[in-house]
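Trainee: Below are the structure tokens for one structure; questions will follow.
Derivation of every value follows stated rules applied to the coordinates shown; laboratory data play no part. Note that the structure is a prediction, hence the values are computed from the model and not measured. Positions of Cβ are backbone-derived with ideal geometry, glycine not excepted, and every protein chain shown enters the neighbour counts.
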Amino acid sequence: MSEVDSFCVLMLRLTLAAVFLAHGYNHAFRGGRIAGTAAWFESLGMRPGRLHAWAASITELGAGALLALGLATPLAAGAILGVMVVALITNHLGNGFFIFRPGEGYEYVLVLGLVALALGGLGGGRFSVDRALDILGGGWWQLAATAALGLGGGAGQLLVFWRPQRRPAPTEAVIGS
């Protein structure tokens, strides 16, 4: 990887890390804090909400920190991808593509998830702890591992914990009423 390639990877890593550090911090310490995040997750069908509020916050903060350092880059990227898979399915997919649509569309979470996947495959680059330790230099197996962790982890979490409220079935009109 050339120096400019590594610099571009660094920019992507730091940008994605900042987004997830801020997001995790916001979930845990701002707005409604864990209690508010838990209530929102419950409303999306992620039960128990408190467990998922903590899990999402810790994952976002931990993966953000790892990504900023370029340490265990495929693991950090896979964790971010997993969070985005859950967000996509539970909250964004049914609202169309654009984020400005009511309910927030999926363009934002799609971009964040795919950038995370790409970073997992590229590795941390020259300016990373991974490089300093001479580990996880990128490649197809890292891309596959990032995808498996993110897609598998997100799918597993949804299968075990996602219980959205069922919409009431439409009632038939009573003839003669």
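Trainee: Can you name every residue in segment 39-61 that is surrounded by fewer than 19 Cβ atoms within 10 Å (Cβ to Cβ), in a helix (DSSP H, G or I) and small (Gly, Ala, Ser)?
Mentor: 39, 43, 55
Trainee: Under 9 Å by Cβ, and 6 or more places apart or on different chains, what pairs join a residue from segment 81-98 that is more than 19 Å from residue 63 (Cβ to Cβ) with one that is outside any helix (DSSP H, G or I) and basic (Lys, Arg)?
Mentor: Cβ pairs passing all conditions: 95/101.
Rundown of residues vs (1) small (Gly, Ala, Ser); (2) surrounded by 16 or more Cβ atoms within 10 Å (Cβ to Cβ), yes/no style:
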position	(1), (2)
17	yes, yes
30	no, no
37	no, yes
63	yes, yes
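Trainee: Find the residue count for segment 122-155, including only residues that are surrounded by 16 or more Cβ atoms within 10 Å (Cβ to Cβ), assigned to a helix (DSSP H, G or I) and among the hydrophobic types (A, V, I, L, M, F, W, C).
Mentor: Residues in segment 122-155 being surrounded by 16 or more Cβ atoms within 10 Å (Cβ to Cβ), assigned to a helix (DSSP H, G or I) and among the hydrophobic types (A, V, I, L, M, F, W, C): 7 in total.
Trainee: Can you pull out every residue in segment 23-54 that is within 17 Å of the chain's Cα centre (by Cα), closer than 30 Å to residue 127 by Cβ and free of Cβ contacts under 8 Å to residues at least 24 places away in the same chain?
Mentor: Listed by number, the list holds a single entry, 26.
Trainee: Just to check your reading of the model, which residue among 75, 12 is surrounded by 18 or more Cβ atoms within 10 Å (Cβ to Cβ) and within 28 Å of residue 127 (Cβ to Cβ)?
Mentor: After ruling out the rest, the residue left standing is 75.
Trainee: Here's another thing I want to ask about it. From 158, 119, grab the single residue that is in contact (Cβ under 8 Å) with a residue 40 or more places away in the chain, in a helix (DSSP H, G or I), closer than 15 Å to residue 12 by Cβ and of a type in the set (A, V, I, L, M).
Mentor: Values: 158 fails: closer than 15 Å to residue 12 by Cβ.
Answer to the selection: 119.
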